[in-house]
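Structure first, commentary second.
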Amino acid sequence: MSGTGSGDGMPRHMTAEEFRRRGHEMVDWIAGYMERVGALPVLSRAKPGELLAALPVHAPERGGAWEEIAGDVERLIVPGVTHWQSPRFFGFFPACASGPGILGDLLASGLGVQGMLWTTSPACTELETRVMDWLGELVGLPGKF
C-alpha cells in the first residue's frame with residue numbers, strides 16, 4: 001500500500017495508522033544511519049549528473065510505494081550525500097544534529113507551527129522569546145538586549 005496513491009491514479013492521504021508505522025520505520029532507519037555514518041565515506045563519491053541520470057525526466061503520474069521510495073533513498077540519495085554527521089567530518093562547520101534535535105524537528109513538523117506573529121502561534125512566540133532570553137543570559141548580554 002503506497003502512502004501517495006490508491007492504485008487507481010487518485011491521490012490519497014496517509015492514514016494515522018500507516019503514518020505511525022512508517023514513522024517508526026523512519027526513526028529506525030535514522031537510528032541505523034546514525035550508528036553506521038562513521039563507516040560511510042565522508043564525502044560523496046558521486047559523479048556530477050549521476051543522480052539526475054537515475055531520476056525520471058518527467059514527474060511520475062503516481063507516487064511510488066513506500067518501500068520503493070525507501071530503497072531509492074538508500075540506493076540513490078545516501079551515496080550522494082556529504083555525511084556531515086560523520087565523526088570523521090571536520091570541514092565547513094559542524095552539523096551536530098543529535099537524537100533530541102531530530103526528535104524536536106519531528107515534533108515541529110508534526111505541529112506545523114507558523115510562528116511569524118504572536119497570533120499565529122502564541123506558544124511558539126513565547127517559547128522562542130524565553131529561549132532567546134536564556135541564550136542572551138548565557139552569552140553575557142545585558143537583560144535589555
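The values are calculated or read from the model by the stated rules, or taken from the named source; none is laboratory data. The model shown is predicted, which means the values in this text are computed figures rather than measured ones. Virtual Cβ from ideal backbone geometry, glycine too; neighbours counted across all protein chains shown. Just the protein is used for accessible areas: all its heavy atoms, side chains included, with ligands, DNA and RNA removed. Shrake-Rupley method; radii C 1.70, N 1.55, O 1.52, S 1.80 Å.
Things to note:
- Search result, residues across region 106-141 that are in a helix (DSSP H, G or I) and among the hydroxyl-bearing types (Ser, Thr, Tyr): SER109, THR125, THR129
- Residue in region 87-104 that is most open to solvent (accessible area, probe 1.4 Å), counting only those that are in contact (Cβ under 8 Å) with a residue 12 or more places away in the chain and outside any loop (DSSP other than H, G, I, E, B): ILE102
- Of the residues making up region 71-86, none is touching a Ser or Thr at 6+ places or on another chain (Cβ under 8 Å), open to solvent by less than 80 Å² (accessible area, probe 1.4 Å), in contact (Cβ under 8 Å) with a residue 60 or more places away in the chain and not in a helix (DSSP H, G or I).
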